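A.B. asks: Dropping a structure here in C-alpha coordinates format, bear with me for questions.
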Amino acid sequence: MSRTLVWWSTGAASFVAAQLTLRENPNAIVARCETGNEDPDNYRFEADAMRRLNATVTLLRSTEYTDVWDVWQKRRYMAGIAGAPCTSAMKIAPRLEFQRPTDVHVFGYTADQKDVERFELLKANYFELTVRAPLIEAGITKAASLAMVERAGLALPRSYAMGFPNANCLKTGCVKATSPDYWSLYRFHFPENFARTAAYAREIGARLTRIKDERVFIDEIPADWPMTAPIVPACDFLCHIAQQNIEEAA
Ligand code: SF4
(Lines give C-alpha, C1' and ligand atoms only; values in the text may rest on other atoms or scores of the structure.)
Protein backbone atom coordinates (compact mmCIF):
# COMPACT_ATOMS: atom_id res chain seq x y z
CA MET A 1 0.00 0.00 0.00
CA SER A 2 1.24 3.46 -0.82
CA ARG A 3 2.35 5.60 2.13
CA THR A 4 2.38 9.39 2.30
CA LEU A 5 5.52 10.77 3.93
CA VAL A 6 5.53 14.40 5.05
CA TRP A 7 9.14 15.56 5.35
CA TRP A 8 9.06 17.57 8.55
CA SER A 9 11.85 20.08 9.13
CA THR A 10 10.69 21.74 12.37
CA GLY A 11 9.94 24.93 10.39
CA ALA A 12 6.83 26.92 9.58
CA ALA A 13 6.40 25.74 5.98
CA SER A 14 6.63 22.08 6.87
CA PHE A 15 4.09 22.66 9.65
CA VAL A 16 1.60 23.95 7.07
CA ALA A 17 2.47 21.07 4.70
CA ALA A 18 1.79 18.60 7.51
CA GLN A 19 -1.44 20.37 8.46
CA LEU A 20 -2.81 20.33 4.90
CA THR A 21 -1.73 16.73 4.29
CA LEU A 22 -3.06 15.30 7.56
CA ARG A 23 -6.38 16.99 6.94
CA GLU A 24 -6.64 15.08 3.65
CA ASN A 25 -4.98 11.89 4.86
CA PRO A 26 -4.84 11.30 8.63
CA ASN A 27 -2.61 8.26 8.05
CA ALA A 28 0.20 10.29 6.54
CA ILE A 29 3.56 9.73 8.23
CA VAL A 30 5.34 12.83 9.49
CA ALA A 31 9.05 12.00 9.24
CA ARG A 32 12.29 13.71 10.13
CA CYS A 33 15.92 12.62 10.00
CA GLU A 34 17.41 13.12 13.45
CA THR A 35 20.83 14.77 13.29
CA GLY A 36 21.25 15.12 17.06
CA ASN A 37 22.31 18.64 16.20
CA GLU A 38 19.21 20.81 16.34
CA ASP A 39 18.63 23.89 18.45
CA PRO A 40 16.68 22.99 21.64
CA ASP A 41 13.94 25.43 20.61
CA ASN A 42 13.34 23.42 17.44
CA TYR A 43 12.48 20.41 19.59
CA ARG A 44 10.14 22.64 21.64
CA PHE A 45 8.44 23.77 18.43
CA GLU A 46 8.21 20.22 17.19
CA ALA A 47 6.48 19.09 20.40
CA ASP A 48 4.04 22.04 20.25
CA ALA A 49 3.34 21.48 16.57
CA MET A 50 2.70 17.76 16.93
CA ARG A 51 0.35 18.37 19.85
CA ARG A 52 -1.51 20.87 17.69
CA LEU A 53 -1.69 18.42 14.77
CA ASN A 54 -2.43 15.47 17.01
CA ALA A 55 0.42 13.63 15.31
CA THR A 56 3.78 12.12 16.14
CA VAL A 57 7.07 12.35 14.32
CA THR A 58 8.75 9.24 12.97
CA LEU A 59 12.45 9.81 13.57
CA LEU A 60 14.92 8.31 11.13
CA ARG A 61 18.39 7.80 12.56
CA SER A 62 21.78 6.75 11.30
CA THR A 63 22.76 3.25 12.32
CA GLU A 64 26.45 4.26 12.24
CA TYR A 65 26.67 7.67 13.87
CA THR A 66 25.09 9.26 16.93
CA ASP A 67 25.07 12.81 15.59
CA VAL A 68 26.67 15.24 13.15
CA TRP A 69 29.65 15.82 15.42
CA ASP A 70 30.29 12.07 15.53
CA VAL A 71 30.36 11.98 11.70
CA TRP A 72 32.92 14.79 11.56
CA GLN A 73 35.13 13.16 14.16
CA LYS A 74 35.06 9.66 12.73
CA ARG A 75 35.59 10.87 9.16
CA ARG A 76 37.88 13.77 10.17
CA TYR A 77 36.11 15.75 7.47
CA MET A 78 33.55 18.53 7.79
CA ALA A 79 32.90 19.90 4.30
CA GLY A 80 34.68 20.67 1.06
CA ILE A 81 34.79 19.69 -2.58
CA ALA A 82 33.39 16.27 -1.69
CA GLY A 83 30.36 17.85 0.04
CA ALA A 84 29.44 17.47 3.69
CA PRO A 85 29.54 13.87 5.01
CA CYS A 86 26.99 14.73 7.72
CA THR A 87 24.30 15.17 5.07
CA SER A 88 24.79 11.76 3.55
CA ALA A 89 25.28 10.00 6.87
CA MET A 90 22.54 11.63 8.92
CA LYS A 91 19.97 12.52 6.28
CA ILE A 92 20.37 10.67 3.00
CA ALA A 93 21.26 7.17 4.24
CA PRO A 94 18.43 6.94 6.83
CA ARG A 95 15.93 8.22 4.26
CA LEU A 96 17.00 5.72 1.60
CA GLU A 97 16.67 2.93 4.12
CA PHE A 98 13.16 4.04 5.12
CA GLN A 99 11.54 4.97 1.84
CA ARG A 100 9.68 2.61 -0.47
CA PRO A 101 9.22 3.02 -4.22
CA THR A 102 5.46 3.45 -3.76
CA ASP A 103 5.70 6.30 -1.24
CA VAL A 104 4.31 9.76 -1.91
CA HIS A 105 6.75 12.39 -0.62
CA VAL A 106 5.33 15.69 0.65
CA PHE A 107 7.53 18.76 1.02
CA GLY A 108 7.09 22.22 2.50
CA TYR A 109 8.24 24.14 -0.57
CA THR A 110 6.37 27.45 -0.64
CA ALA A 111 4.83 29.39 -3.53
CA ASP A 112 7.77 31.85 -3.51
CA GLN A 113 9.60 31.81 -6.82
CA LYS A 114 12.86 30.36 -5.47
CA ASP A 115 11.04 27.53 -3.74
CA VAL A 116 9.01 26.80 -6.85
CA GLU A 117 12.26 26.53 -8.83
CA ARG A 118 13.73 24.30 -6.14
CA PHE A 119 10.74 22.00 -6.30
CA GLU A 120 11.09 21.82 -10.10
CA LEU A 121 14.74 20.88 -9.63
CA LEU A 122 13.77 18.20 -7.15
CA LYS A 123 11.25 16.72 -9.60
CA ALA A 124 13.85 16.72 -12.37
CA ASN A 125 16.47 15.05 -10.21
CA TYR A 126 14.21 12.53 -8.51
CA PHE A 127 11.87 11.76 -11.40
CA GLU A 128 11.39 8.24 -9.98
CA LEU A 129 9.70 9.61 -6.84
CA THR A 130 6.10 10.70 -6.47
CA VAL A 131 6.31 14.15 -4.90
CA ARG A 132 3.90 16.85 -3.77
CA ALA A 133 4.23 20.40 -2.51
CA PRO A 134 0.83 21.36 -1.03
CA LEU A 135 1.87 24.95 -0.29
CA ILE A 136 2.70 25.53 -3.96
CA GLU A 137 -0.58 23.86 -4.95
CA ALA A 138 -2.44 26.22 -2.59
CA GLY A 139 -0.37 29.33 -3.45
CA ILE A 140 0.95 29.72 0.12
CA THR A 141 4.13 31.80 0.41
CA LYS A 142 6.71 31.65 3.19
CA ALA A 143 5.30 34.83 4.77
CA ALA A 144 1.81 33.31 4.70
CA SER A 145 3.08 30.10 6.30
CA LEU A 146 4.61 32.09 9.18
CA ALA A 147 1.28 33.82 9.71
CA MET A 148 -0.55 30.46 9.61
CA VAL A 149 1.71 29.06 12.33
CA GLU A 150 1.02 32.05 14.51
CA ARG A 151 -2.70 31.79 13.81
CA ALA A 152 -2.51 28.17 14.96
CA GLY A 153 -1.37 29.54 18.32
CA LEU A 154 2.23 28.35 18.04
CA ALA A 155 5.39 30.28 18.88
CA LEU A 156 7.83 30.02 15.97
CA PRO A 157 11.28 28.54 16.57
CA ARG A 158 13.57 31.29 17.90
CA SER A 159 15.93 30.97 14.93
CA TYR A 160 13.50 33.00 12.79
CA ALA A 161 13.82 36.05 15.08
CA MET A 162 17.60 35.57 15.20
CA GLY A 163 17.76 36.03 11.44
CA PHE A 164 18.76 32.56 10.27
CA PRO A 165 17.31 31.61 6.87
CA ASN A 166 16.87 28.07 8.15
CA ALA A 167 17.40 26.45 11.52
CA ASN A 168 19.43 23.41 10.48
CA CYS A 169 22.08 22.18 12.87
CA LEU A 170 22.32 25.23 15.12
CA LYS A 171 24.18 23.19 17.73
CA THR A 172 27.34 23.37 15.57
CA GLY A 173 26.50 25.67 12.68
CA CYS A 174 26.00 24.25 9.21
CA VAL A 175 29.30 23.39 7.54
CA LYS A 176 27.78 23.69 4.10
CA ALA A 177 27.52 27.45 4.63
CA THR A 178 30.49 29.26 3.12
CA SER A 179 28.95 32.67 3.79
CA PRO A 180 31.01 34.68 6.33
CA ASP A 181 27.81 36.57 7.20
CA TYR A 182 26.25 33.29 8.28
CA TRP A 183 29.19 32.42 10.52
CA SER A 184 29.33 35.97 11.89
CA LEU A 185 25.65 35.70 12.82
CA TYR A 186 26.19 32.24 14.26
CA ARG A 187 29.15 33.47 16.36
CA PHE A 188 27.01 36.36 17.65
CA HIS A 189 24.17 34.14 18.85
CA PHE A 190 26.09 30.98 19.78
CA PRO A 191 29.63 32.02 20.80
CA GLU A 192 30.49 28.80 22.66
CA ASN A 193 29.22 26.49 19.94
CA PHE A 194 31.03 28.61 17.36
CA ALA A 195 34.31 28.31 19.30
CA ARG A 196 33.99 24.52 19.44
CA THR A 197 33.26 24.18 15.72
CA ALA A 198 36.03 26.66 14.85
CA ALA A 199 38.57 24.78 16.99
CA TYR A 200 37.78 21.45 15.35
CA ALA A 201 37.89 23.03 11.88
CA ARG A 202 41.39 24.30 12.74
CA GLU A 203 42.41 20.89 14.01
CA ILE A 204 41.53 19.13 10.77
CA GLY A 205 42.36 22.04 8.45
CA ALA A 206 38.81 22.76 7.27
CA ARG A 207 38.54 26.27 5.85
CA LEU A 208 34.79 26.52 5.89
CA THR A 209 34.25 30.07 4.74
CA ARG A 210 35.36 32.33 1.93
CA ILE A 211 36.42 35.97 2.07
CA LYS A 212 37.46 37.82 -1.09
CA ASP A 213 37.68 34.58 -3.04
CA GLU A 214 39.94 32.98 -0.50
CA ARG A 215 39.06 30.03 1.69
CA VAL A 216 39.69 30.89 5.36
CA PHE A 217 39.02 29.41 8.79
CA ILE A 218 35.84 30.65 10.40
CA ASP A 219 37.80 32.05 13.35
CA GLU A 220 39.58 34.37 10.88
CA ILE A 221 36.33 36.24 10.17
CA PRO A 222 36.83 39.76 11.59
CA ALA A 223 34.87 40.48 14.79
CA ASP A 224 32.94 43.30 13.11
CA TRP A 225 31.99 41.31 10.01
CA PRO A 226 28.36 42.03 8.93
CA MET A 227 25.58 39.56 9.56
CA THR A 228 23.19 40.96 6.99
CA ALA A 229 23.21 38.23 4.33
CA PRO A 230 23.58 34.94 6.18
CA ILE A 231 23.28 32.48 3.32
CA VAL A 232 23.01 28.82 4.25
CA PRO A 233 21.80 26.15 1.87
CA ALA A 234 18.83 24.06 2.89
CA CYS A 235 19.87 20.55 3.87
CA ASP A 236 17.32 18.44 2.07
CA PHE A 237 16.94 16.04 -0.84
CA LEU A 238 18.73 18.61 -3.01
CA CYS A 239 21.65 18.97 -0.68
CA HIS A 240 24.33 17.55 -2.95
CA ILE A 241 23.05 19.67 -5.85
CA ALA A 242 23.19 22.81 -3.70
CA GLN A 243 26.75 21.88 -2.78
CA GLN A 244 27.74 21.57 -6.43
CA ASN A 245 26.20 24.97 -7.18
CA ILE A 246 28.14 26.57 -4.35
CA GLU A 247 31.41 25.11 -5.54
CA GLU A 248 30.70 26.10 -9.14
CA ALA A 249 29.81 29.66 -8.18
CA ALA A 250 32.93 29.99 -6.03
S1 SF4 B 1 22.47 21.07 7.93
FE2 SF4 B 1 24.65 21.33 7.52
S3 SF4 B 1 25.69 20.52 9.34
FE4 SF4 B 1 23.58 19.75 9.36
S5 SF4 B 1 23.62 17.76 8.35
FE6 SF4 B 1 23.15 19.25 6.79
S7 SF4 B 1 25.15 19.83 5.94
FE8 SF4 B 1 25.54 18.82 7.89
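The values are calculated or read from the model by the stated rules, or taken from the named source; none is laboratory data. Quick caveat: nothing in here was measured; it's all calculated off a predicted structure. As a convention, Cβ positions derive from the backbone with ideal geometry for all residues, glycine included, and neighbour counts pool all protein chains shown.
A.B. asks: Could you tell me whether any residue of the stretch 20-33 is under 21 Å from Ala177 (Cα atoms) and either among the acidic types (Asp, Glu) or touching a Gly at 6+ places or on another chain (Cβ under 7 Å) (or both)?
C.D. replies: No, the stretch 20-33 contains no residue that is under 21 Å from Ala177 (Cα atoms) and either among the acidic types (Asp, Glu) or touching a Gly at 6+ places or on another chain (Cβ under 7 Å) (or both).
A.B. asks: Could you list all residues from the stretch 76-114 that are assigned to a loop (DSSP other than H, G, I, E, B) and under 24 Å from Asn25 (Cβ atoms)?
C.D. replies: Once the filter is applied, which keeps residues that are assigned to a loop (DSSP other than H, G, I, E, B) and under 24 Å from Asn25 (Cβ atoms), the stretch 76-114 yields Gln99, Arg100, Pro101, Thr102, Asp103, Phe107, Gly108, Tyr109, Thr110, Ala111.
A.B. asks: Could you list all residues from the stretch 155-170 that are assigned to a loop (DSSP other than H, G, I, E, B) and out of contact with any Gly (no Cβ under 8 Å at 6 or more places or on another chain)?
C.D. replies: Ala155, Leu156, Gly163, Phe164, Pro165, Asn168, Cys169, Leu170 - these are the residues of the stretch 155-170 that are assigned to a loop (DSSP other than H, G, I, E, B) and out of contact with any Gly (no Cβ under 8 Å at 6 or more places or on another chain).
A.B. asks: Tyr186 is checked against (1) crowded, with 20+ Cβ neighbours inside 10 Å; (2) within 16 Å of Gly11 (Cβ to Cβ) and fails just one. What number does that condition carry?
C.D. replies: Result: Tyr186 passes all but (2).
A.B. asks: Among the residues of the stretch 22-72, which ones are charged (D, E, K, R), under 16 Å from Cys169 (Cα atoms) and either in a helix (DSSP H, G or I) or away from the ligand (no atom under 16 Å from the Cβ) (or both)?
C.D. replies: If the condition is that a residue be charged (D, E, K, R), under 16 Å from Cys169 (Cα atoms) and either in a helix (DSSP H, G or I) or away from the ligand (no atom under 16 Å from the Cβ) (or both), then Asp41, Arg44, Glu46, Asp70 are the ones that fit.
A.B. asks: Another question, then. What number of residues within the stretch 179-206 satisfy the criterion of being assigned to a loop (DSSP other than H, G, I, E, B) and closer than 22 Å to Pro165 by Cα?
C.D. replies: Residues meeting the conditions: 2.
A.B. asks: Within the stretch 161-191, how many residues turn out to be without any contact (Cβ under 8 Å) to a residue 12 or more places away in the chain and either within 11 Å of the ligand (Cβ to nearest atom) or among the hydrophobic types (A, V, I, L, M, F, W, C) (or both)?
C.D. replies: Qualifying residue count, the stretch 161-191: 1.
A.B. asks: Also, I was wondering about something else. From Ala133, Ala124, Ala152, Ala138, grab the single residue that is of a type in the set (Gly, Ala, Ser), at pLDDT 95 or above, over 19 Å from the mean Cα position of the chain (by Cα) and at negative phi.
C.D. replies: Of Ala133, Ala124, Ala152, Ala138, the one residue that is of a type in the set (Gly, Ala, Ser), at pLDDT 95 or above, over 19 Å from the mean Cα position of the chain (by Cα) and at negative phi is Ala138.
A.B. asks: Out of all the residues in the stretch 115-143, which are touching a residue at least 12 places away in the same chain (Cβ under 8 Å), part of a helix (DSSP H, G or I) and hydrophobic (A, V, I, L, M, F, W, C)?
C.D. replies: Val116, Phe119, Leu121, Leu122, Leu135, Ile136, Ala138, listed by residue number.
A.B. asks: So, Ser62, is that one of a type in the set (S, T, N, Q), at pLDDT 95 or above and farther than 29 Å from Ala161 by Cβ or not?
C.D. replies: So Ser62 fits the description; yes.
A.B. asks: If you check Asp39 against the conditions, is it among the acidic types (Asp, Glu) and surrounded by 21 or more Cβ atoms within 10 Å (Cβ to Cβ)?
C.D. replies: Answer is yes for this residue.
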